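Let me begin by presenting the structure, written as structure tokens, before commenting on it.
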Amino acid sequence: MGELLYRIKRFYGWEPREKRDIFISVLVVAFIFAYDDKQPTFVLAHWLLNYLMTLLIVAITVLAFDGAMKVAALQQGFRAEYRMWPMGLAIGVIITLLTKGRFYVILPGGLFLHHMMMLRLGKYRYGINTIAQGTIATAGPVANLILATISLFFAAQLHVMPAFFGYFAMINFWFMIYQLLPIPRINGIHIFFMSRLAYVFIFSTLLAYVLLVQAKVYSWIFALLIGTVCWFLWYWFFERSI
Amino acid sequence: MMFKNKKAIKWLDAWGEVGTSIFLVIGLLVSLIVDSAVVSYIVILLSGIMVGRLYHKRRHRFGVVFVLVTAGYIVGYLIGNLVTGRGYWLVILVLFFIGTYLGNYLHKKRYFK
């Protein structure tokens, strides 16, 4: 733990390019979420207020996602960098404009790993490998899941600002699910290449939690059970024969 | 000789034309879904930026198929625009080329990776 704290103190930070990437991604993703402010008529002041609120939420979401990846990477002796995917952002904006904000496509970018020689000295499989990439890539969506769960606790259990925290949870869920898709430049591809079975387990567990929340069942245990069942089914019907 | 299914071979041989047709339909659909001239202009500008990025990525192996597919998309978009009448076709064309130049320029100058 002390070693990790030292690494965080010494190496946690953002490159100028990364700061710019995060800034642009936050602006665009907030626009995608805030495009439809659910009002019958367009009022600029209301839209801007809604946009600013969404901007704050998206900034927290992206920073938590990025922070979790960075800490997980440092723990394993790598440096994680958030890299924007301009094409994904453009696709998201186009889909938003076409569907008038009724459907979200959030593909802002994802993990890029740098090898840190002195932190990896003496490690088995010294270089960047698929297992390290997969576990570090998982940390981001899991951080979003934890944020969403905390905000749901505030909204549904404590009834503190339910609209705000409900919106917070919704944004985190969308962000998390899209980050798990196995598309190049998105985190899901690293998990997919680490292990198909692990991918099925992680994706189905997190998706199950989102679906359970829609049914007002707030349980990580049920989500884990569903994930395990999906893992087993995938193994039985697809992996067993390979 | 290797393949028994000759239809598949024909499809594979004509993948450029198939891709062009698919993108023509996509352009047409996108143009039909767009509900105002401003949105139409923004969408075509963004599409142009995406094409510019692809152009930059494929600059060393630039082929006629890429031009065909891009032309298919823009022709489909213009046909849809003619049907709906949202936006002026010349503005759409100019914005598409501006977007393409912009996308290529931004990647050339390494603003984006």
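The values are calculated or read from the model by the stated rules, or taken from the named source; none is laboratory data. Quick caveat: nothing in here was measured; it's all calculated off a predicted structure. Positions of Cβ are generated from backbone atoms using ideal geometry, with glycine treated the same way; all protein chains shown enter the neighbour counts.
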> When you go through B:V75, B:V69 one by one, which is the residue that is surrounded by fewer than 19 Cβ atoms within 10 Å (Cβ to Cβ), over 12 Å from A:L98 (Cβ atoms) and away from chain A (no Cβ under 12 Å)?
Replying inline: B:V75
>> Kindly evaluate B:V39 against the criterion of being touching a Leu at 6+ places or on another chain (Cβ under 7 Å), of a type in the set (A, V, I, L, M), assigned to a helix (DSSP H, G or I) and within 14 Å of chain A (Cβ to nearest Cβ).
In response: yes
>> Anything in region B:78-113 that is within 13 Å of chain A (Cβ to nearest Cβ) and of a type in the set (A, V, I, L, M, F, W, C)? List them, or say none.
In response: B:L102, B:L106, B:F112
> In the set A:T61, A:T96, which member is touching a Phe, Trp or Tyr at 6+ places or on another chain (Cβ under 6 Å), within 14 Å of chain B (Cβ to nearest Cβ) and not in a loop (DSSP other than H, G, I, E, B)?
Replying inline: A:T96
>> Among the residues of region A:70-90, what is the count of those that are in contact with a strand residue (DSSP E or B) (Cβ under 8 Å, 6 or more places away or on another chain), surrounded by fewer than 20 Cβ atoms within 10 Å (Cβ to Cβ) and either assigned to a helix (DSSP H, G or I) or polar (S, T, N, Q) (or both)?
In response: 0
> Yes or no: A:I32 among the β-branched types (V, I, T), touching a residue at least 24 places away in the same chain (Cβ under 8 Å), under 17 Å from A:F168 (Cβ atoms) and within 14 Å of another protein chain (Cβ to nearest Cβ)?
Replying inline: yes
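Results for (1) of a type in the set (G, A, S); (2) in contact (Cβ under 8 Å) with a residue 40 or more places away in the chain, shown as yes or no for each residue.
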position: A:N172; (1), (2): no, yes
position: A:N187; (1), (2): no, yes
position: A:V200; (1), (2): no, no
position: A:A208; (1), (2): yes, no
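Quick check, is B:S47 more than 10 Å from chain A (Cβ to nearest Cβ) and either closer than 23 Å to A:I91 by Cα or at pLDDT 90 or above (or both)?
Judged against the criteria, B:S47 is not a match.
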> Out of (1) within 14 Å of chain B (Cβ to nearest Cβ); (2) under 19 Å from A:E15 (Cβ atoms); (3) in contact (Cβ under 8 Å) with a residue 60 or more places away in the chain, what's the single condition that is false for A:F112?
Replying inline: (3)
> Residue check: is A:I177 of a type outside the set (D, E), within 18 Å of A:T61 (Cα to Cα) and without any contact (Cβ under 8 Å) to a residue 40 or more places away in the chain?
Replying inline: yes
